[in-house]
Amino acid sequence: MASDILSLWREEGAQRIQKNYEEFRDLLAQTNLYLQRGEYETAAAFAEVAALHAVRKHNGLFASFELEQILFAIAEKTIYHTPYPKHFPSFETPQSILHISTSVGSIGGHSRNLWRWIRQDESRSHSVALTQQAPIPIPELLQNEVAKSCGSIFVLNETTNSPIQRAQQLRDIASAFDLVVLHVHNDDVIPMLAFANKEQTPPIVLLDHADHLFWLGAGVSDVVAGMREAGIRLAQERRGIAPERSALLPIILEPKQRVLSRAEAKQQIGIPEDRILLLSIARAIKYKALDGVTFADAHVSLLKQHPQATLVIVGPGDSEDWSAAISQTKGRIKVIGETENTALFYQAADIYVDSFPFPSNTSLLEAGCYGLPLVSRYLYSSEVCDIFGAGAPGLTGSMIQVRTLEEYIAALSRLIEDEELRLTLGEATIRSITEKHLKDDWQSLLENVYAAAINLPRVSPSSEPVDKIFIGEPDVYVERIDGWGFDLAAAIKKYKQYVPFNHRLRIWFQQSQKNKWQVKKNNGWGHISLLLPDFFLHSY
């Protein structure tokens with residue numbers, strides 16, 4: 001079955017890549033047209049729309065040298081020649097670090113990784129610049145860690161939505177720091193504009209936290225810190241990152257200490273003490289149905305075979321219709337929405353099962369730190385597709401990884417039936433993970449990243465004249481596995497004050513025809529809000 005599915009995906013993926021690339025080229029041409037007209041805010045807005053399209057509708061590129069060159073040209077026309085408070089202190093090792101993120105939340109592995117980084121690297125001062133945070137509250141944990149390190153938090157979009165003005169703010173803020181770390185969303189153009197002129201920037205490290213998707217940043221990053229070997233290989237082969245500019249920096253974890261026994265934790269979440277609890281935690285997007293078979297469906301036969309077992313899935317909430325599987329197992333599949341208190345569920349669990357078809361490395365690592373045996377499914381036979389599999393330092397060799405559903409059910413059955421096997425695997429997993437992801441070991445890797453960024457010559461933009469798409473593995477699977485869909489009107493709406501009305505009208509007309517004039521979503525306005533001023537919308 002897996003080989004049939006992959007064959008179909010390859011055929012569909014090849015067709016999608018061609019279509020997506022044509023759409024991307026059209027957005028690139030529109031961006032370039034506004035650049036040539038001198039309408040730089042609009043050009044920057046369309047550059048971000050083009051990048052978002054490349055993230056959500058994979059087009060055979062993991063980086064676009066042409067798009068980055070357009071952003072550098074916008075910066076040259078708007079930012080290069082403004083007064084610049086140049087302040088790069090001489091140092092052997094950086095003392096002040098500026099972390100740049102698009103936005104942060106209280107839930108999510110990447111936000112937690114940011115404040116754990118600051119907490120661990122305690123000998124330095126850490127500040128954070130957020131390019132698009134307002135009006136979302138900043139998590140208290142992050143505020144506390146920044147304050148403890150004598151740093152500051154800068155919210156760039158509090159006073160302006162202008163890409164150019166936010167980039168100029170960021171360039172000026174960064175000038176006071178020894179080193180910059182990018183944790184940004186893949187499509188964020190603000191750092192590209194701010195740091196286009198490498199003579200006016202401190203050393204820059206990009207944390208490759210979404211290594212399976214397109215991202216901006218290859219042309220400004222002095223070092224790309226990959227969180228796993230698969231991501232490092234892809235960055236070198238498909239993003240033009242030189243080997244000497246690649247470094248390994250895994251997710252940082254904190255030691256986990258139980259405050260509840262397994263029985264006590266089960267009681268708190270309403271699971272009988274004698275049940276074997278299988279746990280999975282991830283965002284809803286990672287639990288897509290695979291050719292009509294949902295994540296819950298895949299466990300029905302297992303739970304029927306083992307009436308003492310229960311599966312709890314934290315994250316999706318009611319985003320998926322899993323009612324049939326829940327009914328067939330007499331309620332022994334329980335689905336819960338996102339929560340900050342994942343520790344309670346890890347302490348209650350006996351076995352951790354990875355999300356599917358897209359894995360969650362952060363959740364696997366955190367589950368492993370609680371001594372849980374880990375099981376993950378991996379569809380692909382080709383090593384080139386390891387970017388889609390669960391993988392991180394500490395997981396290889398300790399995690400059970402299978403390809404077929406039959407192998408998956410068999411592995412879980414063994415663990416359900418054998419308590420000693422569960423405990424033995426759990427203990428080995430803790431040892432393996434702590435060697436790379438905790439305290440001194442992680443700090444040593446971080447110091448290597450800092451040293452490389454400081455000592456290497458500043459990166460030069462790629463000399464590649466044009467982008468070259470690839471139609472093969474792993475590209476043909478990207479959109480199927482992690483495609484979010486792309487809505488041009490919704491993407492433009494964010495920057496609509498910078499997009500001429502006639503262009504917005506054309507987009508609205510095209511999208512309205514595509515959606516058969518249905519305007520029920522977005523508070524009843526549909527995409528008509530693309531045409532109306534905000535004050536009019538807010539008055540209704």
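Points worth noting:
Conditions tested, residue by residue: (1) under 21 Å from K198 (Cα atoms); (2) buried (at least 21 other Cβ atoms within 10 Å of the Cβ).
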| site | (1), (2) |
| --- | --- |
| R16 | no, yes |
| Q30 | no, no |
| L33 | no, no |
| A44 | yes, yes |
| A54 | no, yes |
| H58 | no, yes |
| L67 | yes, yes |
| F72 | yes, no |
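- Scanning region 337-356 turns up no residue that is open to solvent by 20 Å² or more (accessible area, probe 1.4 Å), β-branched (V, I, T) and without any contact (Cβ under 8 Å) to a residue 40 or more places away in the chain.
- Taken over region 492-505, the residue count meeting the criterion of being under 32 Å from the mean Cα position of the chain (by Cα) and open to solvent by 90 Å² or more (accessible area, probe 1.4 Å) is 1.
- Highlighted here are the helices (runs of 4 or more DSSP H) found entirely within region 135-219 that include at least 3 residues which are at pLDDT 95 or above, open to solvent by less than 10 Å² (accessible area, probe 1.4 Å) and under 30 Å from V478 (Cα atoms): 190-194.
- Subset tally (residues that are of a type in the set (S, T, Y) and touching a Gly at 6+ places or on another chain (Cβ under 7 Å)) for region 336-359: 0
- Among the residues of region 478-493, those identified as in contact (Cβ under 8 Å) with a residue 60 or more places away in the chain and in a helix (DSSP H, G or I) are V478, E479, R480, I481, D482, L488, A491, I492.
- Selection of region 74-100 for residues being at pLDDT 90 or above, open to solvent by 10 Å² or more (accessible area, probe 1.4 Å) and not β-branched (V, I, T) yields E76, K77, Q95, S96.
- Residue satisfying all of: in region 403-437; hydrophobic (A, V, I, L, M, F, W, C) and farther than 17 Å from L278 by Cα; surrounded by the most Cβ atoms within 10 Å (Cβ to Cβ) among these: I433
- Identity of the residue in region 251-281, of a type in the set (A, V, I, L, M) and over 12 Å from A349 (Cα atoms), that ends up most open to solvent (accessible area, probe 1.4 Å): V259
- Taken as a whole, the structure leaves K256 outside the set of residues that are modelled with pLDDT under 95 and assigned to a helix (DSSP H, G or I).
- Members of region 183-196 that are under 17 Å from L52 (Cβ atoms) and under 13 Å from the mean Cα position of the chain (by Cα): V184, H185, N186, D187, D188
- For region 259-295, filtering for residues that are farther than 24 Å from S3 by Cβ, assigned to a loop (DSSP other than H, G, I, E, B) and among the small types (G, A, S) leaves 3.
The values are calculated or read from the model by the stated rules, or taken from the named source; none is laboratory data. Source: prediction; values computed, not measured. With ideal geometry, Cβ positions are generated from the backbone for all residues, glycine too; neighbour counts draw on all protein chains shown. Side chains are part of the model used for accessible areas, which takes the heavy atoms of the whole protein and leaves out ligands, DNA and RNA. Shrake-Rupley method; radii C 1.70, N 1.55, O 1.52, S 1.80 Å.
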